[in-house]
1. Where is the GNM fluctuation largest for the chain (alpha-carbon springs, 10 angstrom cutoff): Ala235, Ala107, Ala61?
2. Can you list which of the DSSP-assigned H helices in the chain have a Cα extent of 18 Å or more along the long axis and an average Kyte-Doolittle score of at least 1.0?
3. So for each of 124-132, 262-270, 36-44 I average, over its residues, the number of other beta carbons within 10 Å; can you give me the resulting order with the highest mean first?
4. Per residue, how much accessible surface does region 1-117 expose to a 1.4 Å probe? Answer in Å², no decimals.
5. Run the accessible area of the chain with a 1.4 Å probe and give the carbon-and-sulfur part as a rounded percent.
6. What order, most packed first, do the peptides 195-205, 169-179, 45-55, 240-250 have when packing is the mean number of other Cβ atoms within 10 Å of each residue?
7. Quick one: grab Rg to one decimal and Dmax as a whole number for region 74-129, Cα atoms only, in Å.
8. Quick one: P(r) of the chain from all Cα-Cα pairs, 10 Å bins, percents rounded to integers, in order of increasing distance.
Amino acid sequence: MLHVTASPGVSTITPLLLVHGGAGNPFGGHVEDEPAHHAALRDALLAGYELVAGGSPALDAAEAAVRSLEECALFNAGRGSVLTSEGRVEMDAAVMDGASREAGACAGITRVRHPVSLARAIMEKSPHVLLVGAGAENYAIDAALELAEPDWFVTERERSRHSAEHGTVGAVALDADGFLAAATSTGGVRGQLPGRVGDTPVMGAGTWADEHVAVSCTGTGEQFIRAAVAHEVSARIRHANASLPAAAVATIAGLDGGLIAVGSDGSFAMPFNTALMYRGRAAGGSVQTWIWSEEEEKSDG
Ligand code: ASP
């Protein structure tokens, strides 16, 4: 399940991008249309990777990859988000820039087409880290971000689903200058109470980036908030001298979900405790995507 890229030992940094499309236990143990999920992950990887490969900052790549996944109705973010107990979509998103430790997030969003870009606008243009609800949406209007009617986010597939599943999308990137960024976006948990906010926009819970590691999480948000999961991965690396894969695995032990993490040395991990986690990696010109756990081992083996 885990990977560690060899440290190159030279000054050239190979950009790397990881994405996830949520961890979960699908009803009946199978996924409808796996090829479409692989294709969507691949599109997201390509959208972000061409930016870091061309010398753009990690944050640009992470945002571009998440925008691509938000646009895809197969995943629980943007269009296709799960519905609250009142049948509406309420979205949360966050970005964090490792080099500057600047962060931005939004929660309870109902009509901003790309919540991840609102999170970035809040980070870059406001004095705040987190805006919610109507205030966040007014901020999106002031920032001239694209809006959509609340109904546009609601798909037929979600209207007909009633199980309490979840999912989220995220990306972490290492750029050619060795800087890191993380971005996460979600519709939360199916059937959640109106106003519920999960781990995604809580910095250090579902999203984190510093000069050592960038992390994006997916899973039962309440657990991830209580364990400060994304920051805990960094803490284990910085204070306990753990390797990135060891820190990632130890941190999610016993939790319902998974995470993706990349380090400034190019090491990375994508552990999860659920039946599946949609995920992929782009580095050195190669793009790979996975859904189930054993596939990743096979691809590496
Ligand atoms: N972590 C998200 C939340 O709790 C949901 C998920 O990733 O499945 O809002």
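1. For the chain, modelled as a Gaussian network with Cα springs under 10 Å, the answer is Ala235.
2. Span-like helices here: none at all.
3. 262-270, 36-44, 124-132
4. Per-residue accessible area for region 1-117 comes out at 38 Å².
5. After summing per-atom areas, the C and S share lands at 52 percent.
6. Final packing ranking: 169-179, 195-205, 45-55, 240-250.
7. In order Rg, Dmax, the Cα atoms of region 74-129 give 12.4, 40 Å.
8. Binned Cα distances yield the sequence 7, 33, 39, 18, 3, 0.
The values are calculated or read from the model by the stated rules, or taken from the named source; none is laboratory data. Computed from a prediction, not measured in an experiment: that's the story for all the values here. Virtual Cβ from ideal backbone geometry, glycine too; neighbours counted across all protein chains shown. In case anyone asks, the SASA skips ligands and DNA or RNA and just uses the protein heavy atoms, side chains included. Shrake-Rupley method; radii C 1.70, N 1.55, O 1.52, S 1.80 Å.
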